[in-house]
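Derivation of every value follows stated rules applied to the coordinates shown; laboratory data play no part. The model shown is predicted, which means the values in this text are computed figures rather than measured ones. When we count neighbours, we look across all protein chains shown, and the Cβ atoms used for this are built from the backbone with ideal geometry, even at glycine.
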Amino acid sequence: MIELTKECSSCGVEKPTDKFTRNKTKKWGLDSQCKLCKSRQDKEYRRKNKHKLRKYFEEYHVLNRERKIRIACTWQSNNKDKSNYNKRKNEIKRMKRLPSWITKEEFKQIEALYKKAKDLFKETGNEYHVDHIIPLNGKLVSGLHVLSNLQVILAKDNLSKSNRFMI
Ligand SMILES: [Zn+2]
């Protein structure tokens, strides 16, 4: 059996063709350099251009971040009325006002309130909200997302309530 070999343009060593990376754009359908030389060259290139490459990736990262934010903003402004967006927003708001000392048990009880609101809707046909007695983003004081600050009330009562709290 004849083994096909090719001379590497870099190290000049005659090597079996499987030691070369396939490259359709090249004459033999293979890279002119052997894999070993190629990886050595790549490493060398990365070493020499470390700062340039880092800058490139940093710029890419910044641009990409801005792009992502832009997309998110566009999406939000286009979907202002979408309940999903509001739900997510409320979730984030709740998470931010969720104290770290809250116990698993209390968390469960809070979740149960949301279930209760849903059940009440099913039973009565009226929409119920879980309301923060002291609003989470009140002007003077901000309430916490804790059991003692939560109540299940009719949605229409909740909507008529402003984010003000009397002290
Ligand atoms: Zn080589």
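From least to most packed, judged by other beta carbons within 10 angstrom and beginning with the fewest, 28, 101 follow the order 101, 28.
Exposure proxy check: 34, 8, 73 ranked by fewest other beta carbons within 10 Å?
Exposure proxy ranking, most exposed first: 73, 8, 34.
For region 5-47, a Kirkwood radius taken over Cα pairs fed into Stokes-Einstein (20 °C, viscosity 1.002 mPa s) yields D = 207 µm²/s.
Evaluated on region 98-167, the Kirkwood hydrodynamic radius is 12.8 Å, with distances taken between all distinct Cα atoms. Packing here is the average count of other Cβ atoms within 10 Å per residue, and on that basis the peptides 104-110, 47-53, 150-156, highest first, run 150-156, 104-110, 47-53.
Which whole-number percent gives the relative contact order of region 5-47, counting Cα pairs below 8 Å spaced six or more residues apart?
Result for region 5-47 is 33 percent.
Give me the dipole magnitude in Debye, nearest 20, for region 5-47 about the Cα centre, with unit charges on the beta carbon: positive for Lys and Arg, negative for Asp and Glu.
For this selection, approximately 200 debye.
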